1. How large is the helix-only mean residue ellipticity at 222 nm for chain B, computed as the sum of -39500 (n - 2.57) over DSSP H runs with n ≥ 4, divided by its residue count, in deg cm²/dmol to the nearest 500?
2. Please state, as a whole number in µm²/s, the translational diffusion coefficient that the Stokes-Einstein equation yields for the range A:204-302 at 37 °C and 0.692 mPa s, with Rh defined as the Kirkwood radius across alpha carbon pairs.
3. Which of the aspartates and glutamates could a cross-linker span from B:LYS216 if the Cα-Cα distance has to be under 14 Å and same-chain partners fewer than 8 positions apart are dropped?
4. Which number gives the lysine pairs in the range B:28-131 that have C-alpha atoms under 22 Å apart and are eight or more places apart or on different chains?
5. With axes computed from alpha carbons, what is the tilt in degrees of helix B:125-146 against the longest principal axis of chain B, rounded to the nearest 10 within 0 to 90?
6. Say the dipole of the protein assembly as shown comes from +1 at the beta carbon of Lys and Arg and -1 at that of Asp and Glu; which of A:LEU243, A:THR260, B:GLN281 then lies farthest toward its positive end?
7. Quick check: the angle from helix B:338-362's long axis to the longest principal axis of chain B, C-alpha only, nearest 10 degrees?
8. With unit charges on the beta carbon (Lys/Arg positive, Asp/Glu negative), name the residue among A:SER280, B:ASN83, B:THR130 whose Cα is farthest towards the positive pole of the charge dipole of the protein assembly as shown.
Amino acid sequence: MRTLKFLLQKEFRQIFRDPAILRVIFILPVVQLLLLPWAADYEVRNVKLAVVDGDRSTYSRQLVAKITSSGYFQLDQYTHSYKEAFEEIETNRADMIMEIPRHFERDLVRDNEATILLSANAINGVKAGLGTSYLQSIIRDFNGEVRDEWIQTPRLSPEIQLDVRPSNWYNPLMNYKYFMVPGILVMLLTIVGSFLTSMNIVREKELGTIEQINVTPVKKYHFILGKLIPFWVLGLIILTIGLFIAWLLYGIVPVGSFFTIYLFAAVYLLAVLGYGLLISTFASSQQQAMLATFFLFMIFILLAGLFTPVDSMPVWAQWFTRINPVAYFVEVMRLVVLKGSGLAEISRHILSVLVFALVLNTWAVVSYRKRS
Amino acid sequence: MKQFLSCVRKEFKHIWRDKQTLLILLGMPVALILIFGFALTTEVKNSRFAVLDYAKDPSTRAIINELDASRYFDLVAELHTHNEVEKVFQRGQAKVVVIFPHGFATDLEHVNKAPIQIIADASDPNVANTLTGYATTVMMDYLDRYKEGRKLPLTIKTEQRMLYNPQLKGTYAFVPGVISMILMLVCTMMTSITVVREKETGTMEVLLVSPVPPVKLILAKAVPYALISFINIVSILLMSYFILDVPIRGSVPLLLAEGVLFIITCLSFGLLISTVINTQQLAMFVSLVALFLPTIMLSGFFFPIENMPTVLQVVSHVVPARWFYQVVRGVMIQGLPFSAVWQETLILAGMTTVLLAAALKNFKIRLA
């Protein structure tokens, strides 16, 4: 115990001695939380629309007016040539083309049917998909208005209807930031935790100071614990800063309890730090450690369901999310912060991550050799 | 020239000696392309949903079966009370709950109108919107069949076409992005770290007292990484073409030439960082915070630029990767000729010149 105390003293001193690293540790969360939620905004709005109106009739103009007043679309061009509209797509000035054919109004009234052609630049698939479906629902509404105009519907409508009532829980304002910020907090803890620890032991190797520790009677697990605890404390401090910023800037207050968040974060940090230490014991240079961490970190983050839904991934990737601690934390943060899940609901997550923490740290202790 | 070549040889030896790192450098694009190509899709499918069916009549059965059968939904639970809805969401078991009230089929038959409630977990607003839309479509299709195809008067039909990417694959947007990400990583981060490493381990002094001009020394450090990057570009293009079926619609030489230009941009950036920073840890963090994150965030490949607040949109103009991404996407996916991307190319070239000039000017022969 006494040995550990002195080791901790040494580690804390080393961290606090380097003002540059310290600055990075505290600036990183601020910068990330300040920028990322604004950038990571997949909300689809302001779809730029080029309209090819070959009809120029009352209906076509009414439809265009209805679309532009919906708020989702920005009219980029109103033309009669498809070629011109397509040029707008090629140069990225428009995202979608709506083509109203010649005799649209006449066909609609006379033949009871008319077709509108929608083309979307599908390189951005989300935008193309949602844009098309918004546009379709506006056209459907417009269709209803046209019908009302022509057909006097009796009060008790003979037309069979399904009255679909959608409601959105947990985020009724559909604010994308509520979704991203908890995930970004996860990224933050993961970056700081894994990078700092993974470079730590290697640094001692590179500078040669590890030899001095190796000749002392310090036990292996003392050494690893001494490396682990300071970063664990730092991680929890960073989480606190992060939660504070999330409240200050985005008004996000966890619906669930802070205790649940901190408990999970504490276990999670052990896993991430263990993983960093493990890389550190294997690597021979800081550059190597950095690259390995970065590589694995990127795979973990990308396959964590942070940016794309896990449900849509193929089976092998879904299987991978089960051995990916980051995926658990992302899910837990969203469950607790947005939906107020309690310990009972996330007990499975905590247990899984606890297993990772134990395995990774034991492995790190075993693979750290006092002989080089 | 001979001096320069022997310096280059020394750098190659450094890299060759560290096989793991080399493996990661060459393997990273492969792994990323596979992940981006196969695992990451913004398309919403196989979403778990639960039903709370108070009616339990043939109509509700039929709708539930159709939802379950569609590729967008997988039925995971049948609930019995309203309280269970909250629990299902809190455990993260379902993203959507569909509720049918008592007497659904009777209402549909006699009142001609029956209500259905769709509750979506809107923590992810886009997924919620999309799923609500899909579910509504499935229900409307059912209704059409229920009415036995009775055609309504005055129907406006829509036909939709997805340009460039008919299957809405995420890969089309990701491949150009992965190229810029890898180049940033290999050229900027690795180069800055190798230079700083010589400073940290003290070997820089040895190099500086040698008769080799310092500029040559530094340029020699950049050569192997430029080569690795070029190999990476080629391997990414080959893989995306042959494995992911991403078409290369424009000219390949043009694409490679633009790639080389961007490699030089990244290298200049890396050299600039290495002239002002003295420890590897810091070099890594600066590359990560100042370059890598902006590259992912502000280049437009992962997050749409037009959604960002004006400040970020303005900032994104100074991120080289943004321009490179536009060029690659234009040439590769849209098949645009050089005449359509010369502006972006010019901007990149301008940035490169400034960065390189700054790096060379900043480079100090003496160590502090």
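Values in this text are rule-based calculations from the coordinates and carry no lab data. Computed from a prediction, not measured in an experiment: that's the story for all the values here. Counting neighbours? That spans all protein chains shown, and the Cβs are built from the backbone with ideal geometry, glycine included.
1. That calculation yields -19000 deg cm²/dmol at 222 nm.
2. 207 µm²/s
3. Partners within reach: B:GLU11.
4. Working: B:LYS45/B:LYS95; B:LYS56/B:LYS87; B:LYS56/B:LYS95; B:LYS56/B:LYS113; B:LYS87/B:LYS95.
Lysine pairs meeting the criterion: 5.
5. Taking the Cα atoms of chain B, the angle to B:125-146 is about 30 degrees.
6. Of the listed residues, the answer is B:GLN281.
7. Roughly 50 degrees between the two axes.
8. Of the listed residues, the answer is A:SER280.
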